[in-house]
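The values are calculated or read from the model by the stated rules, or taken from the named source; none is laboratory data. Quick caveat: nothing in here was measured; it's all calculated off a predicted structure. Quick reminder, even Gly has a Cβ in these numbers, built from the backbone with ideal geometry, and neighbours come from all protein chains shown. Surface areas here come from the heavy atoms of the whole protein model, side chains and all, with no ligands, DNA or RNA. Shrake-Rupley method; radii C 1.70, N 1.55, O 1.52, S 1.80 Å.
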Amino acid sequence: MLKVGVLGAGHLGKIHLRLLNESSNYELVGFYDPDEINAKKVADEFGYSYFENINTLFDAVDVVDIVTPTLSHFDCAKKAIEKGKHIFIEKPITNTFKEAEELLKLASKHNIKGQVGHVERFNPAFLAVKDNIETPMFIETHRLAEFNPRGTDVPVVLDLMIHDIDVILSVVKSPVKQINASGVSVISKSPDIANARIEFENGCVANLTSSRISLKNMRKSRFFQQDAYISVDFLEKKVEVVKMKDAPEKPGDFDMVLQNAEGEKKQIYFENPDIESNNAILDELETFADAINNNTDPVVTLAQGTQALRVALQIIESFKE
């Protein structure tokens, strides 16, 4: 079992503490939080060991789980890496691209494994269809959330849209060619609504919309590729897979057949992939333990987290243009 310590005991930090405490791959040593009042409250309520000194916690663990505000990610990760500890770090990886690049260099220098908490990669709906997403040429995403003051310290692109950016980069095997975006601040000092159009060198286009001041929650992505349409509802954990193939010479009474302008006949059929229920946060933590123990690459590497951040920051820069 890997000895693990958690930095941050806020809303998400408490979830991580609970799951790590239940995990068979980790031994939860304790946590550190600079807010002493909150830390002691969490320790008293749940029985987790509270470390008053961050370095003392580092010395007692193999893995550091960083669940702190984004602005502190770099400092926490840098200290952990220099202490020789593997790091799990919540998204976005850091506040700036320069910081992320420095973490990559440090992790390589100290032979440290790191994983970024892009949890939607572990969403059961996405897992059920990701192998069907082969060469998407148009992607549309909507990630809408009701207003919550938590997270408004960063633009909506880094708070919400970055989930979809990471998913898209994981399925589109092509460099980004061009980005056009617009963002509007409504309640916060940073943009609360954003729309981005990402063009890839292979011709794929992704249109992303995110809002944190909506009247309802929505997390949907649609992938269009040759002879297939795939829809993923990350919130409801549902999928739709619609495919086309050459129609048989003698279609059945219930076969759906379309004929295009060139006279080609295509049969439409539906697939219903099995969606296996899971705890996505627990899965991402467990797979990181597997990567450490088996010396394999984590599912979401520090490099991938850095690339997602880079695109997110390019979108934010596009607002100014």
**Study point:** Arg222 accessible area, assembled protein chains, probe 1.4 Å, Å²
**Key:** 60
Practice item. Would you please give the residues with an amide H less than 5 Å from that of Ser214, counting only those at least 5 places away or on a separate chain, with H modeled from the backbone geometry? Key: Ala145, Glu146, Phe147
**Study point:** Gyration tensor (Cα) of the range 191-250, equivalent ellipsoid semi-axes in angstrom
**Key:** 30, 18, 7
Review point. Average projected area of the Cα convex hull of the range 144-259, in nm²?
Key: 9.9
Check your understanding: Accessible area per residue, 1.4 Å probe, Å², for the range 1-132: what's the number?
Key -> 44
Practice item. For the range 26-76, with all protein chains present and a 1.4 Å probe, just round the carbon and sulfur fraction of the accessible area to a whole percent. Key: 47
Revision key, fill the gap. Order by accessible surface, 1.4 Å probe, largest leading, for residues Thr296, Thr301 comes to Thr296, Thr301
Review point. Which order do Glu271, Glu249 take when ranked by solvent-accessible area (1.4 Å probe, heavy atoms of all protein chains), largest first?
Key: Glu249, Glu271
Review point. Based on Cβ point charges of +1 for Lys and Arg and -1 for Asp and Glu, what charge dipole magnitude is obtained for the chain about its Cα centre, in debye rounded to the nearest 20?
Key: 600
Study note, to complete from the structure: In whole angstrom, the spacing between the Cα centers of the range 41-112 and the range 181-238 equals 30
Revision key, fill the gap. Asserting the computed 222 nm helical MRE of the chain (DSSP H runs at least 4 long, -39500 (n - 2.57) per run, divided by residue count, to nearest 500) equals -9500 deg cm²/dmol
Point to revise | Residue-level accessible surface for Glu36, protein heavy atoms, 1.4 Å, Å² | key: 90
Review point. With contacts defined as alpha carbon pairs under 8 Å and 6 or more residues apart, what's the relative contact order of the chain in percent?
Key: 18
Check your understanding: In square angstrom, what is the accessible area per residue of the range 244-317 with a 1.4 angstrom probe?
Key -> 64
Check your understanding: Based on the Kirkwood radius over alpha-carbon pairs, what value in µm²/s does the Stokes-Einstein equation return for the translational diffusion coefficient of the range 43-202 at 10 °C and 1.306 mPa s?
Key -> 88
Check your understanding: By a straight-distance test (C-alpha under 21 Å), which lysines pair with Lys245 as possible cross-link partners, with residues fewer than eight away in the same chain excluded?
Key -> Lys130, Lys265, Lys266
Practice item. Find the relative contact order for the range 1-124 and round it to a whole percent, using C-alpha pairs within less than 8 Å whose residues are 6+ positions apart. Key: 22
Point to revise | Ranked order, Val64, Val299 - accessible area, probe 1.4 Å, largest first | key: Val299, Val64
Check your understanding: Got a number for carbon plus sulfur as a percent of the range 182-230's accessible area, 1.4 Å probe?
Key -> 51
Point to revise | Extension reserve of the Glu240-Phe224 stretch, reckoned as 0.36 nm per residue once the Cα distance is removed | key: 4.6 nm
Study note, to complete from the structure: Using eta = 0.890 mPa s and T = 25 °C, Stokes-Einstein with Kirkwood Rh from Cα pairs puts D for the chain, in µm² s⁻¹, at 116
